[in-house]
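Here is the structure we will look at.
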Amino acid sequence: MPALTMQREDTVTIYNAPYAHQLTSNPLPTSPWLEFRHLDNAACVSRLREICQLVAEADCAHLVLDHLLDLFQQRDCELAYIINCIGSAPKSSPTLAKRILDIYLEEDLWYLPLELDVEDPALSQEETLDVNVYNPRGWTKDSVPGLFEGATEVRYTGISYQQPRPPPPNVEGAVGGGGCRSPAQLQRHLVLSCLLTEGVGEMAAHLKEHFQPYLMKTLCLLLERVGSRYELLHIAGLQASTCVSAACGHAGTGELIAANGDYLTNQITNKLKKSALEILSVVMRYSDTAILDYLYGIVDDVLVQSCDKYHEKDLYAYLQVFLTFITYIRKWFHIEEEKTISKETEIPNVLKDVLEFAKNQKEVEEMLHKEDVDKKSAEEMYLEDVKNKEENEMDFDDTVTKEAAPLPRHVTVTMSILRRTINFMTSPRRDESVLALRVVRSGLVVLQEHEEQLLPLVHAAWSPLNATVTQPPVAMAALDLLVTMATLSKDFIRSRASKDVLPHIYKYLKTSSSESLLKDKGSAYRLSAAYRLQQAMLRALPRLLLQLAVDEVELQAAMDAAVLYLSKNQPQPLQELSVNFFSEILSYNYGAVWYFLRTFCGNERVLTPPRDVTTLQLCDVIGTPYKCTNTDYDKNIKLLFKKHKC
């Protein structure tokens, strides 16, 4: 009998069995969770499977299977492998495969613990069934004059927050809350789960059309495996779902899901608090817009449940459902984020704007002094106005306003999601707040072509966003949302951003610039949230300013905060982000950046204007932005002007 072991992929090498696909008449892909300890060659493995096939064809096959299933109560991986070989043998009775499926699909066996045991914290008052324990003296008199007289007792279950619920009954390998005692036990459970999943696929390949009665019971279980975070379970689920698809006459997993979308909708709704996220992500991954009607029902149910305070503890799972739905809506309808539209101008020298202004000013003066030979008299102008007024009064507007076309269903559902999610942006739980910000950001992109629906939601989200952008743990997600708002609504939020948000960003950058000085690669500061927030702000700031089309006063305040990171004593990534900031602003407003850096550099270098300029009388300029008196900034400022040299 072979000994099967499996080791975690993230710690050791996984052993493949390249000969496994030659051992059955229904070839299956190789199983990376198998390692034959005592069978050292393919011939031995082949002989073992031949023996299992002979046992499956014998008259005593059911008796042998009974004995194996009795032994299997010990949850041995070796027995699971032999049972799979017997049940999937080409000439074995279909009854054997059905009996094996009935055992494998039992909940306590299928859902083996795959986490190390941790002691559960005491339950709070809100998480218990009762707030009082049984009071033996808690009798109240109950009587109706002339009819009866007696006493009433209110009984409780004896569960309270003072004495938490007892843990569920232990299954094999589970202690306390149902976890594994050791990493070795967890490893064995993971191998057995892979073998059970593989077994379901092998039974389906053997039963073919007779597997149909088991489809509704196994489909969601296999999709959970496909969506598992454990790579081996994910592979096992893929193999098994492929076998089930072929057994049911479908070309692939996507076709199988599409054919059973109504059932999946019901199952996902029932499992929203357990494994629905894995199933939902797999369903969407292998589907297209044909399954949208079923997904709308799921989202509607989640929207209703998320309003219930009783389900508040499941809020993170609900937000993940929203994010998954919107992500695939964008994929299916090819909705890309709007690109940053910057003002791209090529400026050969700093005098270009001045010369253009002088030219336009001269043309304006010529037009003002030009005599109008066709000038009408005051009486003629009055009679013309009266005539136009009479014509306008007789011109009745009998046009019919056409009703706007109804919005697509995916747009209306996304709007409902955003209205609900905006309430969770200020959640006291950091993870929920960050996830809510991500949902709103992705959902606004879906509405970018529907401005009438977009702007009210941007307005509704502004106050919660303003509250979160100042909180360091969630500020990075808030910045991403702010940039998306600026990109989609532009000047709609310009005034509020300049007043409520941008000053906080400038203040933080100035304050934290002293903390990041001289922090080299080995410094612990580079692992802190403050450092990551500095990076996020410097990365988001240029795009934010460009999309809002801010004026030079706002640019001045932004450059005051960002210029501190041009110092060579700042971490190199922050220097690069600062250089990139000024480079993008140069393309947007060259003159403002040139003047700011000229003042910042404070040198005495004389810049002489071109001698061929005759339109204006220009004086020499003292000070240039090409050489800084502070050597800490000189290198990065010179680097900045290499691409924008005037």
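The values are calculated or read from the model by the stated rules, or taken from the named source; none is laboratory data. Note that the structure is predicted; figures quoted are calculated from it, not measured. A quick note on method: Cβ atoms are made from the backbone with ideal geometry, for glycine too, and the neighbour counts reach across all protein chains shown. With ligands, DNA and RNA removed, areas are computed over all heavy atoms of the protein, side chains included. Shrake-Rupley method; radii C 1.70, N 1.55, O 1.52, S 1.80 Å.
Could you please let me know if Met485 is within 23 Å of Leu447 (Cα to Cα), assigned by the TED database to the domain that holds Ala460, surrounded by 22 or more Cβ atoms within 10 Å (Cβ to Cβ) and not basic (Lys, Arg)?
Numbers: within 23 Å of Leu447 (Cα to Cα): yes; assigned by the TED database to the domain that holds Ala460: yes; surrounded by 22 or more Cβ atoms within 10 Å (Cβ to Cβ): yes; not basic (Lys, Arg): yes.
Taking the combined requirement at face value, the residue satisfies it.
Quick one: which of Ala549, Ala475, Ala529, Ala467 is surrounded by 19 or more Cβ atoms within 10 Å (Cβ to Cβ), touching a residue at least 12 places away in the same chain (Cβ under 8 Å) and either in contact with a His (Cβ under 8 Å, 6 or more places away or on another chain) or not hydroxyl-bearing (Ser, Thr, Tyr) (or both)?
Of the residues listed, the single one that is surrounded by 19 or more Cβ atoms within 10 Å (Cβ to Cβ), touching a residue at least 12 places away in the same chain (Cβ under 8 Å) and either in contact with a His (Cβ under 8 Å, 6 or more places away or on another chain) or not hydroxyl-bearing (Ser, Thr, Tyr) (or both) is Ala475.
Keeping to the range 571-605, report how many residues are among the aromatic types (Phe, Trp, Tyr), under 34 Å from the mean Cα position of the chain (by Cα) and surrounded by fewer than 20 Cβ atoms within 10 Å (Cβ to Cβ).
Qualifying residue count for the region: 1.
Within the group Lys568, Lys519, which residue is touching a Phe, Trp or Tyr at 6+ places or on another chain (Cβ under 9 Å), open to solvent by 30 Å² or more (accessible area, probe 1.4 Å) and either at pLDDT 90 or above or assigned to a helix (DSSP H, G or I) (or both)?
Lys568
What are the residues in the range 414-442 that are in contact (Cβ under 8 Å) with a residue 60 or more places away in the chain, within 16 Å of Gln471 (Cα to Cα), small (Gly, Ala, Ser) and part of a helix (DSSP H, G or I), if any? Break it down stepwise before answering.
Of the range 414-442, the ones in contact (Cβ under 8 Å) with a residue 60 or more places away in the chain are 414, 416-417, 420-421, 424, 427, 429, 431-432, 435-436, 438-439, 442.
Those still in the list that are within 16 Å of Gln471 (Cα to Cα) too: 424, 427, 429, 431-432, 435-436, 438.
Now narrow it down to the ones that are small (Gly, Ala, Ser): 427, 436.
Correct list: Ala436 only.
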Lone qualifier among Val445, Val434, Val469 - being in contact with an Asp or Glu (Cβ under 9 Å, 6 or more places away or on another chain) and under 19 Å from Ala530 (Cβ atoms)
Val469
